[in-house]
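Rule-based calculations on the coordinates, nothing more; no lab input. None of the values given here were measured: they were computed from a predicted structure. Glycine also receives a Cβ, built like all others from the backbone with ideal geometry; neighbour counts cover every protein chain displayed.
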Amino acid sequence: MLDAINEANNFGLNYGLAMWGIWAILSTALLQTIVATIAHRKQSVYIPGQLSAELGHQSFVFRSHRTFQNTLENLLLMLGPAFLAILSGMDAYWLGILVWVYALARIIHMALYYVIATEKNPSPRSYFFIIGLLSNLVLIIMLAVHMSS
């Protein structure tokens, strides 16, 4: 019994950085849900669950909705490999670094999407999307190398 407790403690110590990064990613998604919901409800006329087709990047309602949707579109692509990396025993240090690079890139992406109303592509937020995407790609490659060895 004591061995199982020690093993669990070592697991938490080894993967603590990655787990806190995963917590940050999930907390960011929850924050985006709250922001998008409040923005949507503040409209004078709204239909729950529907975004007006007339809205564009000049509308905070649109930007908060797209920020949340973009996170949902990318969440599984990072969390799936991160959990698989933990379960397969991938190097905890590099996993933690990659998860935190992704988490911070997504937080900055969110902040820029909220404050910069632009149709320009690439926009400043695009660079942080790319940083998150690259950390995800590196994780998937490192995971494949780890699992094949």
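A few comments on the model shown:
- D by Stokes-Einstein for region 72-117, Kirkwood Rh over Cα pairs, 37 °C, 0.692 mPa s: 280 µm²/s.
- Averaging 1/r over every pair of different alpha carbons in region 10-123 and inverting the result gives a Kirkwood radius of 15.5 Å.
- Long-range tail of P(r) for region 100-149 (Cα pairs > 13 Å, %): 59
- Scoring 16-23, 107-114 by mean Cβ neighbours within 10 Å over their residues and listing the highest first yields 107-114, 16-23.
- Neighbour counts of other Cβ atoms within 10 Å put ILE34, ILE140 in the fewest-to-most order ILE34, ILE140.
- Summary value for the chain: 30 percent relative contact order, contacts being C-alpha pairs under 8 angstrom separated by 6+ residues.
- Theoretical ellipticity at 222 nm over the chain - DSSP helices of four or more residues, -39500 (n - 2.57) apiece, nearest 500: -28500 deg cm²/dmol
- Cβ-Cβ distance of TYR46 and GLN69, R₀ of 22 Å, FRET efficiency by 1/(1 + (r/R0)^6): the value works out to about 0.85.
- Sorted fewest first by neighbouring Cβ atoms within 10 angstrom, LEU98, LEU133, LEU13 come out as LEU13, LEU133, LEU98.
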